[in-house]
Amino acid sequence: MIQELMKFYSERSDFLLPLILEHLQISIIAIIIATMIGIALGIFIAENKKTSPIVLGIVSFLYTIPSISMLGFLIPVTGIGNKSAIIALSLYALLPIIRNTYTGIQGVDKDILEAAKGMGSTRKQILFQIKLPLAFPVILSGFKNMTVMTIALAGIASFIGAGGLGVAIYRGITTNNITMTLAGSLTVAILAFLADFLIAMFERYIQNRRHSKKKKQKVVIVVLSAMIVFAASLFYVPHKDKTIHIATKPMTEEFVIGEMLKMLIEQRTDINVELTKGVGGGTSNIHPAMLSGEFDIYPEYTGTAWNFVLKETAFPDEETLYKQLVEKYQVQYQLDWVGLYGFNNTYGLAVTKELANRYNLKSYSDLAAISSQLIFGSEYDFYERDDGYKAMSEANDFHFKKTVDLDIGLKYDALRKNQVDVIIAFTTDGQLSDSEIVLLEDDQHYFETYYAGSVVRQTVLEEYPELKSVLMLMDGLISEKEMATMNYQVEQEKKNDKDVAKAFLQSKGLWEESKDE
């Protein structure tokens with residue numbers, strides 16, 4: 001494992017280094033914001049003691065809200081991406097800095113304060129020349145704890161399409177790449193450790209009486225200036241004419257498709273593409289971001305769009321569904337469907353070969369007879385879909401004894417370890433190539449078709465009409481078998497999704513290597 005990890009760091013440094021920079025930038029911005037607000041509030045409640053229970057109570061309450069929930073609350077207000085991530089991290093970072101500022105000021109010896117008053121010092125002089133300097137070690141301790149916590153927590157930012165090392169962690173989980181997940185996690189831990197170490201060195205320097213006050217002030221100013229400039233560079237985006245944004249769901253095949261779209265567009269037009277992979281929540285977060293203009297293109301599935309977005313329950317035949325889907329998207333959302341890739345990635349139910357042999361399971365009807373003895377596992381959103389768990393169970397007479405929520409990248413691992421007995425699968429899943437996994441026959445014909453295609457904002461097509469012909473190169477390009485093979489190459493053979501995408505386009509005569517070099 002150590003050799004694999006070192007090899008990953010060496011070969012994928014171009015992938016990790018930008019994530020490290022983004023992770024630090026997001027963290028530092030949140031730390032700066034929380035420090036400014038936290039110290040101000042800490043001083044306020046220390047000087048106005050009656051307000052302390054209220055302020056500390058509110059901040060403590062915010063601290064108890066799960067990070068995923070906090071991001072979910074922010075998305076409708078501030079959208080996805082770095083802005084929401086920074087706000088969430090700043091809110092979580094407030095408690096330690098407010099509490100330590102308050103505690104530090106309250107801990108100043110009363111006799112010293114009385115002596116200062118007796119000498120005629122004003123309230124402002126006492127605060128800035130006595131209370132804060134004496135409280136500084138306690139405040140710095142809170143700052144150190146806040147910094148380490150923020151760097152560690154910043155990994156959650158990738159869930160809403162922000163940057164940072166959470167991208168590596170989450171993408172590794174999604175693609176069953178343990179090395180990538182471990183590399184991302186270990187790097188976060190190293191950054192947190194280094195932050196703790198550097199702050200401890202800074203603390204010793206400031207408290208060292210051999211250094212003059214003026215010299216210490218210069219060091220503080222230099223450090224703060226460097227942090228602000230470095231953090232602010234996160235929002236510096238070099239001007240690029242003709243730039244569009246593509247988003248993908250947290251699925252291996254969408255990572256591959258996203259790379260294909262980016263390569264085709266950039267090679268055949270002068271449009272620049274920014275690709276955001278693995279937006280947590282999938283359609284539920286990407287669709288609103290499309291409507292707000294944060295994203296311009298994303299791969300979607302007809303069944304998901306029909307049922308989850310349009311809230312349609314009756315499924316007509318495939319031709320009618322697609323025709324109505326296109327019309328409704330154009331009228332209701334000003335979004336266009338531009339071609340279908342060719343493969344149908346519908347839902348299915350998978351079990352281990354051992355379980356299938358033990359109970360002679362071949363179809364959903366066979367499964368229904370013993371479902372009360374089994375544990376069912378699926379990703380979170382399947383339980384909330386109108387055509388999801390509840391409807392599936394009623395239609396197939398399933399009565400599972402227990403259900404388990406699983407991340408999309410952990411389902412097969414849980415199945416192999418017998419932590420669950422049945423999982424919801426996608427028919428193009430690369431791991432279905434494993435001979436020890438059996439996909440049951442949908443003899444009840446419950447699951448509808450889910451053909452994948454590109455959804456594009458109409459204003460983008462109007463601005464860049466050349467996009468349509470490029471996107472149509474993907475129309476009917478990929479079969480279910482080909483998509484499953486590419487998923488397998490990424491998930492099991494640990495190939496880079498970009499390399500897999502490029503190889504496939506080359507095999508179809510759609511990629512000219514000379515232009516890429």
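The values are calculated or read from the model by the stated rules, or taken from the named source; none is laboratory data. This one's a predicted model, so the numbers in the text were calculated from it and none came from an experiment. Neighbour counts run over all protein chains shown; Cβ positions are idealised from the backbone, glycine included.
Some notes on this structure:
- Single match in Val470, Val438, Val455 (criterion: part of a helix (DSSP H, G or I), crowded, with 18+ Cβ neighbours inside 10 Å and touching a residue at least 24 places away in the same chain (Cβ under 8 Å)): Val470
- Residue within the stretch 422-431 that is in contact with a helix residue (DSSP H, G or I) (Cβ under 9 Å, 6 or more places away or on another chain) and either assigned to a helix (DSSP H, G or I) or among the basic types (Lys, Arg) (or both) present: yes
- Residue list for the stretch 353-375, restricted to those being assigned to a helix (DSSP H, G or I), charged (D, E, K, R) and surrounded by fewer than 14 Cβ atoms within 10 Å (Cβ to Cβ): Lys353, Glu354, Arg358
Residue-by-condition table, conditions (1) in a helix (DSSP H, G or I); (2) crowded, with 18+ Cβ neighbours inside 10 Å:
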{"position": "Val338", "(1), (2)": "no, yes"}
{"position": "Phe343", "(1), (2)": "no, yes"}
{"position": "Gly377", "(1), (2)": "no, yes"}
{"position": "Asp387", "(1), (2)": "no, yes"}
{"position": "Glu394", "(1), (2)": "yes, no"}
{"position": "Gln419", "(1), (2)": "no, no"}
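- Those helices (runs of 4 or more DSSP H) lying entirely in the stretch 211-330 with at least 3 residues in contact with a helix residue (DSSP H, G or I) (Cβ under 8 Å, 6 or more places away or on another chain) and of a type in the set (A, V, I, L, M): 213-232, 252-268
- Of all residues in the stretch 29-78 being more than 23 Å from Ala289 (Cα to Cα) and not in a helix (DSSP H, G or I), the one that is nearest to the chain's Cα centre (by Cα): Ile65
- Selection status of Gly155, part of a helix (DSSP H, G or I), within 30 Å of Gly281 (Cα to Cα) and either under 15 Å from the mean Cα position of the chain (by Cα) or assigned by TED's automatic domain parsing to the domain that holds Ala40 (or both): yes
- Residues that are over 29 Å from the mean Cα position of the chain (by Cα) and in a helix (DSSP H, G or I) were ranked within the stretch 473-515; the one that is surrounded by the most Cβ atoms within 10 Å (Cβ to Cβ) is Leu473.
- So Glu384, is it in contact with a strand residue (DSSP E or B) (Cβ under 7 Å, 6 or more places away or on another chain) and acidic (Asp, Glu): no
- Odd one out for Phe382 among (1) assigned to a helix (DSSP H, G or I); (2) under 15 Å from Val351 (Cα atoms); (3) free of Cβ contacts under 8 Å to residues at least 60 places away in the same chain: (2)
- Check on Ala350, under 28 Å from the mean Cα position of the chain (by Cα) and surrounded by 19 or more Cβ atoms within 10 Å (Cβ to Cβ): yes
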